[in-house]
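The structure appears right after this line, and notes come after that.
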Amino acid sequence: MEQMARFGVSLQPQLLERFDREIRKRKYGNRSEAIRDLIRDFLVEHEWKENRKVIGTITLLFDHHVRDLTRVLTEQQHQHHSKVLSTLHVHLDERHCLEVLVIKGSSKEVREMADRLIGTRGVLHGKLTATSMGRGFKPGRADAP
Ligand code: NI
């Protein structure tokens, strides 16, 4: 079984009350699981700041009736084909398309690519979700205190 380390945390009671309220709302089973998630988030943020190799998803909402847009977006992806691991395209209605791209690269490369795609004329909404290759992350036990 995976070994778990324990540590104590001191904080103001009001802060702990607010934290407990929030983790109940978010359906965490216990404080430890919530704190593990906060630590992982903190580490992912650090990986992105350090320009490490990361994974991200770019979500794009666009109107494919906008002249040349589909071609421009595809062209940009082909220019960086080695970083694009996968794409998902959904035809939402007769005009709108949703595209989700999984991108692997240095955080700088992934950010630049996201900025370029999201900033393309005709893209109605776009979002980069930053995550990690997961090295050094281990799943927490649901029953851990
Ligand atoms: Ni479409």
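Values quoted throughout were computed directly from the atomic coordinates according to the rules given, and no laboratory measurement underlies them. Being a predicted model, the structure only gives us computed values, none of them experimental. FYI the Cβ positions are ideal-geometry reconstructions off the backbone, even for glycines, and counts take in every protein chain you see.
The single condition among (1) away from the ligand (no atom under 16 Å from the Cβ); (2) of a type in the set (A, V, I, L, M); (3) free of Cβ contacts under 8 Å to residues at least 24 places away in the same chain; (4) part of a strand (DSSP E or B) that Leu16 does not satisfy is (4).
I want to confirm something. Restricting to the range 110-122 and keeping residues that are part of a helix (DSSP H, G or I) and basic (Lys, Arg), which single residue is nearest to the ligand (Cβ to nearest atom)? It comes out as Arg116.
Inside the range 51-65, can you point out the residues that are among the charged types (D, E, K, R) and away from the ligand (no atom under 12 Å from the Cβ)?
Narrowing the range 51-65 to residues among the charged types (D, E, K, R): 52-53, 63.
Those that are among the charged types (D, E, K, R) and away from the ligand (no atom under 12 Å from the Cβ): Arg52, Lys53.
Evaluating Thr57 against the criteria (1) surrounded by 12 or more Cβ atoms within 10 Å (Cβ to Cβ); (2) in a loop (DSSP other than H, G, I, E, B); (3) of a type in the set (Val, Ile, Thr) leaves one unmet condition, (2).
The residue that is nearest to the ligand (Cβ to nearest atom), among those in the range 66-109 that are touching a residue at least 40 places away in the same chain (Cβ under 8 Å) and in a strand (DSSP E or B), is Glu99. Checking each residue in the range 37-54 for being under 14 Å from the mean Cα position of the chain (by Cα), charged (D, E, K, R) and surrounded by 14 or more Cβ atoms within 10 Å (Cβ to Cβ) picks out Asp37, Arg40, Glu47, Lys53. Arg135: surrounded by fewer than 17 Cβ atoms within 10 Å (Cβ to Cβ), within 30 Å of Ala34 (Cα to Cα) and charged (D, E, K, R), yes or no? Yes, satisfied.
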